[in-house]
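The values are calculated or read from the model by the stated rules, or taken from the named source; none is laboratory data. Keep in mind it's a predicted model, so treat the numbers as computed, not measured. Note that we place each Cβ from the backbone using ideal geometry, even for glycine, and neighbour counts take in every protein chain shown. We work out accessible area using only protein heavy atoms, side chains counted, and drop any ligands, DNA or RNA first. Shrake-Rupley method; radii C 1.70, N 1.55, O 1.52, S 1.80 Å.
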Amino acid sequence: MVFEREAPAKLVPSGDDLMIPKGAEAAITQALGASYTLLYHGNLIRIDGKDADAIGLTANGLEFEARADGKIDEEQVWKALSMVYDPEIPVNIVSLGLVYKMDIDQERGHVDVEMTLTAPGCGMGDVLVDDIKRRLAEVPNVVSTDVDLVFDPPWDRTMMSEEAQLETGMFF
C-alpha cells in the first residue's frame, strides 16, 4: 500500500517518532484495535487509527450507548481496553494479561487502570498508555482517566488468556 498523505508514526519497539512521507510504500502486518502496524523499509512502524485515511482505510472508533442512569458501564470500559493491541503481538492488552487492575469512581466519572508491559524496557509503553486513554474517552460518562505502568509482579506468558496463548502458539 502507498501512503496517500504524510502521516506520523512510531518505530516499534523503541517508540521513536517518525513522519512517513506521502507516496511511501509499506505493508500492513497488523490491523487490530486502535492502530495499525506496518512494515516500512525493513522496520515495524505503528500508526494511530485516527490516521487510517493516510493508508486508504477508515478510522476505527467505538460507539457505545450511554446508560440511562449516567454511570460508567464497566463492560464498556473492558471492551474499550480490549481494543488496545500490542504493536508486535496480535493480541489485545486484556487477553495478554497486561491489565492488572481497573477501578471506576462513578462520582468523579474517573477510571484508574494499572497495567504492565511484556518487557520493562519496551519503548511503546507511553504509546499504549495514550491508546488506553483515547479509547476510554470513547466510553460514555468517562470524564478522566489515570493509567499507571507497574512492573511488579513482572509479566510472563502465564498471565495470558488461554485463547491468547493458543493464538500466539504459547500454550503449554
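Brief remarks follow.
- Set of the range 99-128 residues, backbone N closer than 17 Å to the point 7 Å along the Cα-Cβ line of Ala137: 109-113, 126-128
- Phi-based couplings in Hz for the range 46-59 (Karplus 6.51, -1.76, 1.60; Gly and Pro marked x): 10, 10, 6, x, 5, 9, 4, 4, 5, 10, x, 10, 9, 4
- Arg46, Arg67, reordered so the largest accessible area comes first (probe 1.4 Å): Arg67, Arg46
- Two-decimal ratio, the range 1-60, of alpha-carbon radius of gyration to 2.2 N^0.38 Å: 0.96
- Across the accessible surface of the range 1-56, with the other protein chains kept in place and a 1.4 Å probe, carbon and sulfur atoms take up 53 percent.
- Projected area averaged over orientations for the range 90-166, convex hull of C-alpha atoms, nm²: 5.5 nm²
- Set Lys10/Lys50; Lys71/Lys133; Lys79/Lys133; Lys50/Lys101; Lys79/Lys101 screened for pairs whose C-alpha atoms are more than 25 Å apart: Lys50/Lys101
- Rounded to 10°, Cα long-axis angle of helix 125-136 versus longest principal axis of the chain: 60 degrees
- When restricted to Cα atoms, the chain yields an Rg and a Dmax of 16.6, 51 Å, respectively.
- Gain on full stretching of the segment that runs from Arg5 to Arg157 - 0.36 nm per residue minus C-alpha separation: 50.9 nm
- Linear extension gain, Asp130 paired with Asp105, 0.36 nm per residue minus alpha-carbon span: 7.0 nm
- Each of His110, His41 has its accessible area taken with a 1.4 Å probe; listed largest first, they run His41, His110.
- Between Ala31 and Ala68, residue separation times 0.36 nm minus the direct Cα-Cα distance comes to 10.0 nm.
- Karplus 3J(HN,Hα) series, Hz, for the range 80-90 with 6.51 cos²θ - 1.76 cosθ + 1.60 (x for Gly, Pro): 4, 4, 6, 8, 9, 10, 4, x, 9, 10, x
- For the chain, the mean residue ellipticity at 222 nm estimated from helices alone is -4500 deg cm²/dmol, where every DSSP H run of n ≥ 4 contributes -39500 (n - 2.57) and the total is divided by all residues, rounded to the nearest 500.
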